[in-house]
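The values are calculated or read from the model by the stated rules, or taken from the named source; none is laboratory data. Because the structure is predicted, anything quoted here is derived from the model rather than measured. Positions of Cβ are generated from backbone atoms using ideal geometry, with glycine treated the same way; all protein chains shown enter the neighbour counts.
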Ligand code: ACO
C-alpha cells in the first residue's frame, strides 16, 4: 500500500487528578488488589471530577497538543474526537471541543469505534489531509467511562477509566509518514460489549435505570479471545502492507485493555519488553484515549524519536480493530 504523506506533528494528553487504587475498589465491590493486578495489570486509574465531562478532558489534551505544534485554535481545519462516552448524544463532543478551543474555522465530528477510536480517527484524518483539503487536523481520543460504569459490577468497574490523548496531524513532505494501516469491524459481536439502554432501541425508563442498563455490560471472556486474535492479525497485515518486519519497529503501542492481552501480542511478535509500551498499571482502560495518551507519554519520555518506525494497534466494542505503522 502507498504510504500516506501525513505526520504526527505533536501530541498532548490529560489525565484527571483523582486516583482510584485497587485498594479503594476493595471498599466498593467484592474484589482484591491481587485479583485485579494478576488478571489485568491495573494498579490505579484516574477518575474525572463530577463537573468534568469528556469534552473538558479532550479540551485539556488538545490545548497541549496545539501549543506544542505551535498552531493557534483559529488555524485548526479539522477536529475528530474518538469517544464512546460523549457529553451528549448530540451535539458531538467534537463540536463542544471546537467551541471550547475557539477553533471557529474547523469542521468537527465524533467517531464511535470504542477503543479503536484513536486509530480510526487517525486514518480518517490522514486521508482527508492527504486529499489536500485541509492543512492540519486535531485528533483526540477522550473518555469519561466512569459515567458509564456500573459500580456494582466487579467484572467491569475495575477496568475502565477516564482520560484524553490528542495529536496534531499535518501533511508531510519529509520522511515522517503513515506507512500503512488496517482497520476492521464485526458487528455480530456487538452484544458482547455494549451500553444496552438509552438509545432508540431501548430509550431511558425508570426500569432501565433501576436495572443499570445505561452502563457498560461486557462478556469479558469472549472479548478477550477475539482481542488476542484480531490484534495479531491486524498488526501482521499492517506490517505486510508497510513492507516492514518486527525488527524494523522500535516501539509497539497497543491499546491498554489488559496486560495479559498486551503480553500475548508481545509474545506473538517475539518482542522484548522494552519494545512494547505499557502504562495500564497507572491508567486502566481509557478506551479511545489510551493510544493517544500512551503515544504522548512515549514521545515526552524520549522513547520515540523522529524517524523511528512505530506500530499502533487496538480492538474495541463494535467490535472494531485496527493497526497502523508510522514513520514518526
Ligand atoms: N475481583 C474478583 N473476582 C472477579 C472480578 C474482580 N474484579 N471480576 C470477575 N471476578 C471473578 C469472576 O466472577 C469469576 O468467578 P467464578 O470463577 O467464581 O465465576 C472469576 O473471577 C474469573 O472470571 P473471568 O471473567 O473468567 O476472569 P478473566 O481471567 O477472564 O478476567 C477480564 C476477566 C479481566 C474482564 C478479562 O476477561 C478481560 O480483560 N477481557 C477483555 C475485556 C476487554 O478488554 N474489554 C474492553 C474492550 S475495549 C472497549 O471497547 C471498551
task: Would you mind telling me which numbered condition in (1) away from the ligand (no atom under 16 Å from the Cβ); (2) at pLDDT 95 or above residue 130 fails?
output: (2)
Number of positions in the stretch 96-116 that are away from the ligand (no atom under 16 Å from the Cβ) and buried (at least 21 other Cβ atoms within 10 Å of the Cβ): 7
query: So, of the residues in the stretch 134-151 that are within 16 Å of the ligand (Cβ to nearest atom) and part of a strand (DSSP E or B), which turns out to be surrounded by the fewest Cβ atoms within 10 Å (Cβ to Cβ)?
result: 144
message: Consider the stretch 247-284. How many of its residues are under 26 Å from residue 327 (Cβ atoms) and without any contact (Cβ under 8 Å) to a residue 12 or more places away in the chain?
response: 5
field: Failed criterion for residue 197 (all others in (1) in contact with a strand residue (DSSP E or B) (Cβ under 6 Å, 6 or more places away or on another chain); (2) crowded, with 17+ Cβ neighbours inside 10 Å hold)
entry: (1)
- request: Answer yes if at least one residue in the stretch 167-179 is within 15 Å of the ligand (Cβ to nearest atom) and either farther than 20 Å from residue 53 by Cα or not in a strand (DSSP E or B) (or both), and no otherwise.
  value: no
query: So which residues in the stretch 20-31 are part of a loop (DSSP other than H, G, I, E, B) and touching a residue at least 24 places away in the same chain (Cβ under 8 Å), if there are any at all?
result: 28, 29, 30, 31
- prompt: Among the candidates 242, 257, which residue alone is assigned by TED's automatic domain parsing to the domain that holds residue 320, within 12 Å of the ligand (Cβ to nearest atom) and surrounded by 15 or more Cβ atoms within 10 Å (Cβ to Cβ)?
  reply: 257
- line: Of the residues in the stretch 310-320, those that are crowded, with 24+ Cβ neighbours inside 10 Å and either near the ligand (Cβ under 10 Å from one of its atoms) or assigned to a loop (DSSP other than H, G, I, E, B) (or both) come to 314, 315, 316, 319, 320
query: Here are some conditions: (1) within 16 Å of the ligand (Cβ to nearest atom); (2) farther than 22 Å from residue 174 by Cα. Residue 268 meets all but one. Which one does it not meet?
result: (1)
message: Quick check on my filter: what residues within the stretch 84-133 are part of a loop (DSSP other than H, G, I, E, B), closer than 19 Å to residue 144 by Cα and in contact with a helix residue (DSSP H, G or I) (Cβ under 6 Å, 6 or more places away or on another chain)?
response: 84, 85, 86, 87, 113
task: Among the residues of the stretch 32-75, count how many are loosely packed, with under 14 Cβ neighbours inside 10 Å and part of a helix (DSSP H, G or I).
output: 4
- prompt: Going by the conditions given, is residue 292 crowded, with 18+ Cβ neighbours inside 10 Å, in contact (Cβ under 8 Å) with a residue 24 or more places away in the chain and under 26 Å from residue 22 (Cβ atoms)?
  reply: yes
task: Quick one: which residue in 20, 25, 15 is away from the ligand (no atom under 16 Å from the Cβ), modelled with pLDDT of 95 or more and farther than 30 Å from residue 173 by Cβ?
output: 15
